[in-house]
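Take a look at the structure set out below.
The values are calculated or read from the model by the stated rules, or taken from the named source; none is laboratory data. Not measured: the values here are computed from a predicted model. Every residue, glycine as well, gets a Cβ built from its backbone with ideal geometry; the counts of neighbours run over all protein chains shown. What goes into the accessible areas is simple: the full protein's heavy atoms, side chains included, and nothing from ligands, DNA or RNA. Shrake-Rupley method; radii C 1.70, N 1.55, O 1.52, S 1.80 Å.
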Amino acid sequence: MSRHQKDPLRPLTADERQELTRLSRSLSAPAAQVERARALLAIAEGASYTVAAHQVGRRHNETISAWVSRFNREGLAAVRPGHGGGPRIRYGAEAQQRILAEWAHMPQRDQDGTATWSLSLLQKALRKAPDGLPRVSTYTIWRTLHEAGLSWQKSRTWCETGVAMRKRKHAGVVRVSDPDAAVKRG
């Protein structure tokens, strides 16, 4: 039996109704969010969970009742899907700072065997370090560097996005930055 009788949809505020309507008509929003908005609006207009499920292409009303229950608890945040499965993130903010600190120090050719960092070499250095991360994956390193605004540049290893070192005739080597890098990235 569904949660229809136990947990009915609470009355929507004007702002919630407006946002759900906007989202339900959106052509550019993620499909999961549009589907949830359409189902919640249908229920708010008096449709049963079963009818709302069929309107958004679901076979069972248990999913709809779970969405309603979550919407009652969280509001509009419930329209965004939660964690989609897979392993939980093992390394938090402190470990990410450790990854960025290791990346920031230039590798020593003698000790590290390289002049530039690659993901696998950075992983080895982090695993060997006494205060390092013994089970860190290259994906975790990549995700951390990417979130910090760093990107892989062919032949230039990991570089800060929008910043480059350029050789000039009269000024020598200078640091050149793109002020619109954050906008272009996002």
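Can you find a residue that is within 30 Å of Ser48 (Cβ to Cβ), among the hydrophobic types (A, V, I, L, M, F, W, C) and outside any loop (DSSP other than H, G, I, E, B) anywhere in the range 92-108?
Applying the first criterion (within 30 Å of Ser48 (Cβ to Cβ)) to the range 92-108 yields none.
So far as the range 92-108 goes, no, none of its residues is within 30 Å of Ser48 (Cβ to Cβ), among the hydrophobic types (A, V, I, L, M, F, W, C) and outside any loop (DSSP other than H, G, I, E, B).
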Checklist entry - If you go through the range 114-133, how many residues are assigned to a loop (DSSP other than H, G, I, E, B) and either touching a Gly at 6+ places or on another chain (Cβ under 6 Å) or open to solvent by 60 Å² or more (accessible area, probe 1.4 Å) (or both)? => result 3
Checklist entry - When the range 74-88 is examined, which residues are found to be surrounded by 11 or more Cβ atoms within 10 Å (Cβ to Cβ) and free of Cβ contacts under 8 Å to residues at least 12 places away in the same chain? => result Glu74
